[in-house]
Every structure is written in structure tokens, then in C-alpha cells.
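Each reported figure results from applying straightforward, stated rules to the coordinates on display, with no laboratory input. The shown structure was predicted, so the numbers you read here are calculated from the model rather than taken from an experiment. Virtual Cβ from ideal backbone geometry, glycine too; neighbours counted across all protein chains shown.
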Amino acid sequence: MLKSKKSRLCALVMSAAIVGTLLSGCGSNTSSTTKTEQKITYNLGADPKTIDPGLNSSVEGATVIANAFEGLTDVDTKNQPIPGVATKWEVSSDGKHYTFHLRKDAKWSDGKPVKAQDFEYAWKRALAPETASDYAYQMYYLKGGEAYNEGKGSVDQVGVKATDDYTLDVDLENPTPYFLSLTSFQTYMPVRKDIVDAHPKDWATKGATYVSNGAFKLQDWKPKDSLTFVPNTNYWNTKNIKLTTLKYTVLDQETSYMSAFQTGQIDIIDNPPTEQIPTLLKNGTAKTFVNLGTNYYSFNLAPDAAKINPAAAKVMQDVKVRQAISLAIDRTKLVKDVTKGGQTPSTSFVPSGMLVNGKDFKDKQYYKPEGDVAQAKQLLAEAGYPDGKGFPNLELIYNNMQLHQSVAQTVQDMLKKNLNIDITLRSVERTVQLNDTTKHQYIMARNGWSADYADPMTFLDMWVTGAGNNVAGYTNPDYDKLIVAAKAETNVAKRDDEMHQAEAILMKDMPIIPLYEYNVVSCAKSYVKDVYRNPMDTLYFQNAYVQK
């Protein structure tokens, strides 16, 4: 509930139909919670690469951060921005200046007050070139943000300023109707300067130094095992926190975490073994949830690829080769016979359900979901490799889950059958996959992207030249210009057209191969109540409890 009548919400209306879901286990139970141990264990599926709000870019880290920190705004169960650390805000008539008023009872987990200066520091830290944040571009909405990040401007020119301990002034480069949603995003979370200065390398790895301002605080992190959180008793709303322990396990093998779920060691898991999904859905053990995201393969088009495999790097530079590989894949078969969780074949990068001005942004298919083998063969021949002759072997890396292995093996078979080209598969740990793709140390790789906020731009600006999450190393000046223009455009229809033009270029250049649109198949114990999962695949435990 926004308290400022001046607030501009024209674009946030689009998220009204994109609501999250309260995740409660199947079955009913009306017994009291007073004598029940209030502990929930959720399997993240992998160790977070980091839980530093300014550095994280993974979904694993995002859920941890969302429950440990609180931004200026929060989100309700309809995915609408509501007061967080800020109790109210005003927006100028031109939509470029925001004034946030912070609550005076907000405190850090060590008892110190949360101040406007903590937000100013955190935002400028994320933009600092030396921080090398993958999400620095997410702060380019701030006036002077991009210039500072690229070394063309000074930190003093960045449009965020604490005018006193409880007032934050923000100036934007252009009107951004979804900016209030962005202020609940992880990169916009506050961070304490004294803590980072005292422990610059490892402040976000230990309970003693991981000072946070949200509902839970870190007690212990055992790498490759678990992260344990307890209530932050200094949190302004701590009286409404029911859990006494929130534990995240990091098992990455489906059979292992499914077994742990069945024996009661884990209370919530995502992505159960694919062969069990139909039965789990039928008997009510599992449910499906909306996730605005896309599973895709990326080609490494960065110069570093030539150091890994010169022959493979050379063929990947040919757009006809990339198009041929994409068209040789039958995405309908993938979701029907392999993933089995009700996923939708991707025929664009922006998934269905992203609304702009009340209409779904996805209004066309850039290719047939079943593929087009004849056209794929023709394109490969035109590239100089008729029937795959002379085509080098390509290595595809994927993080070590059975689902990703099954998809990779199916794609491998399709490419051999349809194009007579060979793909070598390599399974790696999730942290290795994140590191290798971010640093462009691969040839082909499995990747995935879930929306950070309810606007198509969250899927499009990541492919701008040099963007931190541009794992393909893709660059196209025409694409970049359209994204810049769309970000500055105030006319909704024109902005929509510019984003569609950009996506059309992306799908023609094909630096990535969208495979299927995500949903989440999740299993929760019947006693788990009121865990909220938003469409961006982040789980919130602030209102959760156990009822047995």
C-alpha cells in the first residue's frame, strides 16, 4: 500500500496479473503452533557463489539475501511494492526525482540504526568499477551511474544522496515507472560501510560479520553443506517472525534431496527427479508455480573462446551456424518427454506473462517450437558444413543436475541426428558453471534467467555490450541503441516497439538458444505454512510457520 499520492505506478500496473503464490504443504492441520518447533529447512540446490547483496547474481543467493536484508520497499503477495525500510516517498512530476523517508525503528542485526547513508554507500559501492558487480548495470537508472561505473564520471555525480540520517534523495537519468520495484531488488539493499571496510574479503561469509537488516541473521555457513539463519531480534517487525530457525541445504543431486525430503530432513525442495514428477503432481506431493524465466544455452562469442578451442570459436562466430543449431532442436519434445513439469517451449527469450500496458509482451514466435530441420541443414550447408562435414566438436557444460543432464543428452542426440555434428557434454558444479560463464571460459553452456522485476527490460538489457550478465559476450551496436532508447522513452507504445525491435535482433543474431520457459515444480511438507514464492523464483519466509 503506497502512501504517497504522487507516486507514479503506470508501469507497475502490468504486474497486477503476475502474482506470487503462498507455498503451503498439501493437507490441512489445525493444531496449535505454540509447542511445535518452528524450523524450516529449504534446499537451495547449490551453494550460493556469494550472499553479498552488491555482488550476487544467482537465484540461490537471491533467496538468502531476500530474507536477510530489506530494501527501501518490499513486495506484497500480489508483487506490488509496499513500504520496507522507507515508510513513504514522494516522486517529482517528471518522474526523475524520488525522496524516500526511512523508518526510525529500522535496525541492523547488531542493533545499530539503519541510516540513509547505508543505502547511499551500498548503491555507490555496487557501481564502483573496482567492485566489479555483475549487476552494476542495474544501477544505471541512477543519474551518473553508468558514467561512474565506466570510469567516465565521479562518485559524487551519482544521483543518490542521504540528506540526513532518515532521508534519501534519488535522481534518475530518465523516468523509470518500475523504479519502486527495483528498490526491493538485492543490489539496492543497504550495506554497512564499517563492516565491509573491516572485512573487505569475507564479511559476507561468517555469522559474526554478516550484519543484515532483514528478518533473519546468519548464524553459520558451512560451505557445501548448509546455511543456518535465526531471527534478527533487532528487526523492526521481529514480533511477527514465527520461525526460530531457517536452514538452507545445498544438495544438488535430485535423488539425494528427494530422499532427504521423504525422510523429513528437508521440508521444501524444488525440481524433484523428472521421472517422478507426473506421480508427485498427481498425488499432490508436488505443485507447480509460475516462474517468469527462460532456460537457455549460450554460445561464447567473446574473444576468450578462441583460447579454449580456436576451431569451435571460429564456427560460433557465424550466425548461420548458431541459427542452424537452434532450429535443429525440437523444444516441444524436450518439455513433453524430458522436463515433464508443464514447461512451455521457448519461441523467444522474453517469456509469456510479461505484461506491458495490460498486454502480454510476447506476441510472436521467432521460430517453430518443434524446430525446422530442413532449414537448419540448409543454413549449416551455407555456412560451409554440408551434412556436418568438417564441423568441429563443441563442448557443452551444464550444472550437475539430472534434469540438465537429460536435456543436454537429448539436445546432443538431436544435433547428431539432424545436423550430424558432435557435442561433448561436461557436467560441473553450479559454482563452476557460474564462474566459467561469467568469465567466458567455455564454448557452449546451459544458463537460465528469471525476471528481476516485472518488465521485459529485465530480459533485454542483460545483452547490452559489456553488461555483467551478458554471458555470451554478445555485442551489436544496433541492439545497444534500441535498449538505450527504450530506457529513455516515456511513450509506452513506442517503448514497447523499441523493446520488440531489440528482441528481434537478438533472436536473429542467436547468441543464445532459448529452450523452454520455466515453471517450478516444488514439494513441501504439509506442516509448512505461508512461505511466499514470487514469480521471480524468490522464496520469502518472513511470514512462514510450522503447524503440526
remark   = Longest principal axis of the chain (C-alpha) makes with the long axis of helix 492-509 (C-alpha) an angle, in degrees to the nearest 10, of 40
query = Pairing the Cα long axis of helix 402-419 with the longest principal axis of the chain, what angle in degrees results, from 0 to 90 and rounded to the nearest 10?
reply = 30
task = Beyond 22 Å, what share of the Cα-Cα pairs of segment 293-518 is found? Please give it as a whole percent.
result = 50
Within straight-line cross-link reach of residue 96, aspartates and glutamates at Cα separation under 12 Å, skipping those fewer than 8 residues along the same chain = 169, 171, 173
note = Stretched fully, the stretch from residue 110 through residue 475 gains (0.36 nm per residue minus C-alpha distance, one decimal, in nm) 126.9 nm
ask   = What spacing in nm lies between the two simple spin-label points modelled at residue 156 and residue 504, each 7 Å away from Cα in the Cβ direction?
value = 4.6
query = Whole-Hz Karplus ³J(HN,Hα) for segment 378-384, in order, using 6.51 cos²θ - 1.76 cosθ + 1.60 and θ = phi - 60°, x for Gly and Pro?
reply = 5, 5, 5, 5, 5, 7, x
query = Based on DSSP H runs of at least 4 residues, each adding -39500 (n - 2.57), what is the mean residue ellipticity at 222 nm of the chain after dividing by all its residues, to the nearest 500 deg cm²/dmol?
reply = -7500 deg cm²/dmol
remark   = Under the 7 Å Cα-to-Cβ spin-label approximation, residue 395 and residue 194 lie apart by a distance in nanometres of 4.8
remark   = Computed over segment 418-476, the Cα gyration tensor eigenvalues, each multiplied by 5 and square-rooted, give semi-axes in Å (largest first) of 24, 15, 13
request  = Enumerate by residue number the trypsin sites (Lys or Arg not before Pro) in segment 301-406 meeting two conditions: DSSP loop (anything except H, G, I, E, B), and at most 11 other Cβ atoms within 10 Å of the site's Cβ.
outcome  = 364, 389
ask   = From the phi of every residue in segment 351-357, what ³J(HN,Hα) in whole Hz does the Karplus formula 6.51 cos²θ - 1.76 cosθ + 1.60 yield, where θ is phi - 60° and glycine or proline is x?
value = x, 5, x, 7, 8, 10, 6
query = Which of 320/377; 78/217; 161/206; 222/247; 336/508; 282/333 have a Cα-Cα distance over 18 Å?
reply = 78/217; 161/206; 336/508; 282/333
request  = Give the order of 459, 289, 349 when sorted by the count of other beta carbons within 10 angstrom, beginning with the fewest.
outcome  = 289, 349, 459
task = For segment 77-157, divide the Cα radius of gyration by the Kirkwood radius and give the resulting Rg/Rh value with two decimals.
result = 1.01
request  = Mind checking the full-extension length gain between residue 244 and residue 365? Use 0.36 nm per residue of separation minus the Cα-Cα distance, one decimal, nm.
outcome  = 38.8 nm
inquiry  = How far apart, in nanometres, would the label points at residue 435 and residue 387 be if each is projected 7 angstrom from Cα along the Cα-to-Cβ direction?
reply    = 4.4
request  = Report, to the nearest 10°, how far helix 477-488 tilts away from the longest principal axis of the Cα atoms in the chain, using its own Cα long axis and a range of 0 to 90°.
outcome  = 30
ask   = For a label point 7 angstrom out from the Cα of residue 318 toward its Cβ, which stretches of segment 507-522 have the backbone nitrogen within less than 18 Å?
value = 509-512
